[in-house]
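Since every read-out is calculated from the coordinates, none of them should be taken as a lab result. On a predicted model such as this, the values are computed, not experimentally measured, just so you know. Glycine also receives a Cβ, built like all others from the backbone with ideal geometry; neighbour counts cover every protein chain displayed.
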Amino acid sequence: MTKPEAIHAAPARPNTDLPQLYRTMRRIRTFEERVGELFVRGQSAGSMLHLSIGEESAAAGFCAHMQDGDTFTTHHRGHGIFLARGADPNRMMAEIGGKEAGYCHGKGGSMHIADMGLGHLGANAIVGGGIPAIIGAGLAARHHGTGKISVAFFGDGATGQGILYESMNMAALWRLPCVFVCINNQYGMGTRIDQATANAVLHERAHAFGLVAETVDGLDVEAVAEAAERLVAGAREGRPAFLVVDCYRFYGHARKDKSPYRDATEEETGRQKDPVAFARAALLERGLADAAELDALDAQIDAEMDATIDFTVAQTEPPLSTMFRDVYAPEEPEPEPVRVRIDRILARA
Amino acid sequence: MALQELTYRDALRQALIDSMRENPDVIIMGEEVGRYGGAYAVTKELIKEFGAERVIDTPISEPAIIGAAVGAAMAGLRPVAELMYVDFIGMTMDQLGNQAAKIRYMFGGQIGVPMVLRTQGGTGRSAGAQHSQSLEAYVMHTPGLRLAMPATVSDAYHLLRMALTKPDPVVFIEHKALYTMKETVDLDAEPLAWGKSAVRREGKDLVIVTYSRQLHYVMEAAKKLSADGIEATVIDLRTLNPLDFDTIREHVERAGRAMVVSESVMTAGVAAELSARITEECFDYLEDPVVRVAGEDIPISVSTALETGSVPGPQLILETARKLLGARVAA
Ligand SMILES: Cc1ncc(C[n+]2csc(CCOP(=O)(O)OP(=O)(O)O)c2C)c(N)n1
Ligand SMILES: [Mg+2]
């Protein structure tokens, strides 16, 4: 499937840890496959599950150069990024299932998952909605002198949103420790990139704002990691950057979408751009691992991710008593439930 | 034409088709409206008949979609701008609230903005806090915008057809949980006028005012109340602006009790406005406070248990009506 010439053509990358990158990508791939299973078993809350299969290199490659204390926001297709930043797959799966044990106690779900401990300022169901927060996080990092960066991960579709350009200008103007990572999977729902953007060379837009900007081929996770290393180092010094990771969305926009708007040949070609298979082949080719070792690793990951389903199925939904919690800070009174209010009023009447 | 069975979705789609056939200036623009056929399939295959010049797929650029519709309307087209989820209305609020709504007035009546913003809202798909809201109050709070919210298949058709003949901007909010609802309808039958509410049921004991999906919950509750010997009048607003208060007044004066049911959050919402008007205008006729049964003042969770708990359902409506009438009905 993966062409050996392409692997030979890939330059040696002494600074990247390919076995580790492979492991991260394989965990993401398997996690996403299990999310699909959760959905099929009727255990997922939410009709909207967006899988990042085919885009694992963006998450694994970029996050390899983020540090503890760096912050980030993601779009709605953010499971892989969160996992690559160290998320507990059980708590992630439980959140996707709308269970109390999830990262947000079942209130957020797949599109609104977050964990402040890991610097995840939030996934977002609003295209572009999470981007400007990194400007503020970048300001805060500089203000506090932490040396940390803030990263926005978003899709090609978000390049339609004005707020991206407002944010890029601020990042460049104020020399903030920020990186914009655009995961170009060629589609926004059913719309192919060239049907929605006048100039599909997306990083050129960032050049116009004076950002350091480039596009990298998402087939090769090491290329992503190398670009990340460079751009992240620059961002820490106040040179904000924009990275486009070119990849292909293997499946439908959301779980139920069968992609009728693209033909089988295109999908087949697109799925050739498989960063997980490519990394595996490269590991073997370079003698960094043998097939038996990789099979054992894969089996271990399969078992780990299988367990997330069992974990989630065994969890309960949040009790109704939690419904009014967290609208405001815990020390503030909760909003009065409609039912309570009605009883109060009618008792008086 | 004869009776036919249609879904809410089919009816909306038919209204667009009929309006586009009738008026070559009607265009549709929005995300995924063309090749994809609409996120909820309302514009399915319209691009085949009307072409990409009239069914325009846009980038994901909500403020510009609505703003472009404003300009198109001023320049002689009849745009239908589709906003995939009403939750995105905040992004477009300048174009809608400062531009579309005020142009006629600011410019001294020189020109109107005859556009339709089609969108959908509400709970029911476990879509979480940013894809499940009922934001009609934002629209109703903005003078200059008309607001239609069909609850039935027949109204889905007729209100959209009528919206496309109106001189001012109409925000047309569908309910995502109603798209597959079926009804046997005769689309050629004379519809109730634009701006008139529909009395879906008459009863002497109390008036329940509602709109959109909650109508169906109210009707379900009213049926159970009837078995208890309590007869409710149910008013479906159909359009919230214009608001047909005359019908409400007439029935509230007769029954002396009123409840307002809305899926949007209670505080400063549509139910608050209706309840205030009823209290002010029908004060002498009321035997009890006007009660609001509305969405909780909280965001919507992805957890289905919390999602359903956040908005009124038949049970809460039924219990509230029973409490409202209490022993006093017998007296
Ligand atoms: C503001 C806004 N507009 C529209 C949508 C509906 N929507 C959800 S995802 C999506 C496509 C996004 O494409 P892209 O940014 O490329 O991300 P991908 O899904 O490809 O990962 C659209 C239009 C939304 N959620 N938010
Ligand atoms: Mg995309």
Using alpha-carbon coordinates, inclination of helix A:133-144 to the longest axis of chain A, degrees: 90
Normalised contact order of region A:4-348, rounded percent, pairs of Cα under 8 Å and 6 or more residues apart: 22
Among A:Met66, A:Met189, A:Met92: highest mean-square fluctuation, GNM of chain A, C-alpha pairs under 10 Å: A:Met189
Cα-based reach from B:Lys223 at 17 Å (exclusive), listing lysines while leaving out same-chain residues under 8 positions away: B:Lys204, B:Lys323
Of B:Met115, B:Met91, B:Met74, the one that fluctuates the most in a GNM where chain B has Cα springs shorter than 10 Å: B:Met91
Counting all C-alpha pairs of region A:238-285, share separated by more than 12 Å (%): 73
Region A:4-348 - Kirkwood radius from inverse mean 1/r over Cα pairs (Å): 21.0
Overall Cα dimensions of chain B, principal axis frame, Å, largest first: 65, 44, 43
Long-range HN-HN contacts of B:His175 with modeled amide H, under 5 Å: B:Gly121
Cα coordinate range in region B:184-290, projected on the principal axes (Å, largest first): 42, 34, 26
Neighbour cut-off at most 10 other Cβ (10 Å), DSSP loop, trypsin sites (Lys or Arg not before Pro), region B:258-331: none
Spherically averaged projected area of region B:232-313 from its Cα convex hull (nm²): 5.9
Taking only Cα atoms of the protein assembly as shown, radius of gyration then Dmax in Å: 27.1, 91
Exposed chymotrypsin sites (Phe, Trp or Tyr not before Pro) absent: longest stretch of chain A, with sites in DSSP loops and at most 16 other Cβ within 10 Å deemed exposed: A:1-173
Dipole magnitude of the protein assembly as shown about its Cα centre (Cβ charges: Lys, Arg +1; Asp, Glu -1), debye to nearest 20: 880
Residue range of chain A that is longest and free of trypsin sites (Lys or Arg not before Pro) which are both DSSP loop and sparsely packed (at most 11 other C-beta within 10 Å): A:1-255
Within chain A, longest stretch clear of exposed GluC sites (Glu not before Pro) (DSSP loop, no more than 14 other Cβ within 10 Å): A:1-236
Using alpha-carbon coordinates, inclination of helix A:162-173 to the longest axis of chain A, degrees: 70
Contact order relative to length of region B:113-184, as percent, for alpha carbon pairs under 8 angstrom and 6 or more apart: 47
Spin-label proximity, A:Ala233 to region A:207-226 - amide N less than 14 Å from point 7 Å beyond Cα toward beta carbon: A:225-226
Burial ordering of A:Met93, B:Met181, fewest other beta-carbon atoms within 10 Å first: B:Met181, A:Met93
Angstrom value of the Kirkwood radius, inverse mean 1/r, which spans all Cα pairs in region A:193-349: 21.8
Quarter of the Cα convex hull surface for region B:1-120, i.e. its orientation-mean projected area (nm²): 8.1
Value of relative contact order over region A:220-307, rounded to a whole percent, pairs C-alpha under 8 Å and six or more apart: 23
A:Arg192/B:Arg21 FRET efficiency (R0 30 Å; Cβ-Cβ; nearest 0.05): 0.50
Residue-averaged [θ]222 nm for the protein assembly as shown, counting only DSSP H segments that reach four residues, each worth -39500 (n - 2.57): -12000 deg cm²/dmol
Residue order, fewest to most surrounding Cβ atoms within 10 angstrom, among B:Tyr285, B:Tyr36: B:Tyr285, B:Tyr36
Percent breakdown of C-alpha pair distances by 10 Å bin, ordered from the shortest bin, for region A:59-137: 21, 55, 23, 1
Residue among B:Leu135, B:Leu159, B:Leu192 with the largest mean-square fluctuation in a Gaussian network model of chain B, springs linking Cα atoms under 10 Å: B:Leu192
Size of charge dipole - region B:4-185 - debye, nearest 20, with Cβ of Lys, Arg +1 and Asp, Glu -1, no other charges: 160
With Cα atoms, 0 to 90° folded angle of helix A:18-40 axis to chain A main axis: 40
Footprinting exposure proxy for A:Thr30, A:Thr215, A:Thr269, A:Thr191 (fewest neighbouring C-beta atoms within 10 Å first): A:Thr269, A:Thr215, A:Thr30, A:Thr191
For chain B, size of Cβ-based charge dipole, Lys and Arg +1, Asp and Glu -1, in debye: 120
Long-range lysine pairs (8 or more apart or interchain), chain A, Cα under 30 Å: 10
P(r), alpha carbons of region B:114-263 - 5 Å bins starting at zero, rounded %: 2, 9, 18, 21, 20, 16, 10, 3, 1, 0
Dimensions (Å) - region A:136-235, Cα atoms, principal axes, largest first: 43, 31, 22
Additional length obtainable on full extension of the chain from B:Lys44 to B:Glu5, 0.36 nm per residue less Cα span: 12.2 nm
